[in-house]
Amino acid sequence: MGWRTRGMAGVLVVLAAVTSLAGEPRRDKVPLVLQLPMPRFMGTPHNLRGPHIEKPRSGKRPDLAVPPGLTNVALNKPVTASDAAPTLGELSQVTDGDKDGVEGSYVEIGPGKQYFQIDLQQRYQIFAIVVWHFHAQPRVYHDVIVQLSTDPAFSTNVRTVYNNDYDNSSGFGVGQAKEYIDSHEGLLIDTRVVEARYVRLYGNGNSESDLNHCTEIEVYGRLARLAAATQ
């Protein structure tokens, strides 16, 4: 074998190795399949455009690749909130599986900075979260921040997986994400993989009022491999 042939063979081996390594993170992953509710509005009102709001996307939302076998581990799990007395609905509606966005499908709590919190009751490896605030009409919800923790008080071991607070008005730092118009697709958050038991969704009013709403939160994960079953 000449040096040219040996050299080409070496290059092919290196390329194969690089390709294998590059493809490793996606091995055995599948698209996350979501059951979306019906759209409730079309188009983007002119008053919901600005430098801090995402531009409307054309076409299908890109798939999120996750390990196979994930389930919505938040379904029917207990929910608490910073405002324990909703003005509309019940806190249990946050995890009841009803994402329609019409009256009777969502819960409304008080004005200003508030949060909804889910106790998953066990530790999970969490790969994705989907949030629906209110999508019966186009609205922008402000200071949307999602945190995960193993601590119910969110004092220790807290991971912020989403933040679109562009001016730090909620005090968790300036977020890197843009505000967005709530729709039937919900906000899909790639959490990579975070081990947690508690999920907290912050908000600070919306483009129509100072009140806060939540239709549904889905959390896709699997039981943590090495953690205790309960906290």
Ordered by packing density, taken as the mean number of other Cβ atoms within 10 Å over each peptide's residues, highest first, how do 50-57, 166-173 rank? 166-173, 50-57
Solvent-accessible area, 1.4 Å probe, carbon plus sulfur percent, for the stretch 103-206: 41 percent
Options Gly186, Pro111, Gln147, ranked by Cα towards positive dipole end of the stretch 99-231, top entry (Cβ charges): Gln147
Just check the stretch 34-84 against the gyration tensor rule for me: Cα atoms, a ≥ b ≥ c as the square roots of the eigenvalues, rounded for a/c under 1.5, and otherwise prolate or oblate depending on whether a/b exceeds b/c. oblate
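When ligands, DNA and RNA are left out and all protein chains stay put, how many square angstrom of accessible area per residue does the stretch 145-226 have with a 1.4 Å probe? Walk me through the numbers before you get to the answer.
On the way: 3430 Å² over 82 residues.
Each residue of the stretch 145-226 exposes 42 Å² on average to a 1.4 Å probe.
From Cα pairs below 8 angstrom and at least 6 apart in sequence, can you work out the relative contact order of the stretch 40-116, rounded to a whole percent?
26 percent
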The stretch 47-93 and the stretch 95-118: distance between their alpha carbon centers, rounded to Å: 10 Å
What accessible area per residue comes out for the stretch 64-143, rounded to a whole number of Å², with a 1.4 Å probe? 37 Å²
Taking amide H atoms as placed 1.01 Å from N in the peptide plane, list the residues 5 or more away in sequence, or in a different chain, whose amide H sits under 5 Å from that of Arg40. His184
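Taking every pair of alpha-carbon atoms in the stretch 112-231, give the share separated by more than 19 Å as a whole percent.
Details: 3194 of 7140 pairs.
That fraction is 45 percent.
The values are calculated or read from the model by the stated rules, or taken from the named source; none is laboratory data. What you are looking at is a predicted structure, and each value in this text was computed from that prediction instead of being measured. Cβ coordinates were reconstructed from backbone atoms using ideal geometry, including for glycine residues, and neighbour counts include every protein chain displayed. For the accessible areas, the whole protein counts, side chains as well, though only heavy atoms, and no ligand, DNA or RNA atoms are used. Shrake-Rupley method; radii C 1.70, N 1.55, O 1.52, S 1.80 Å.
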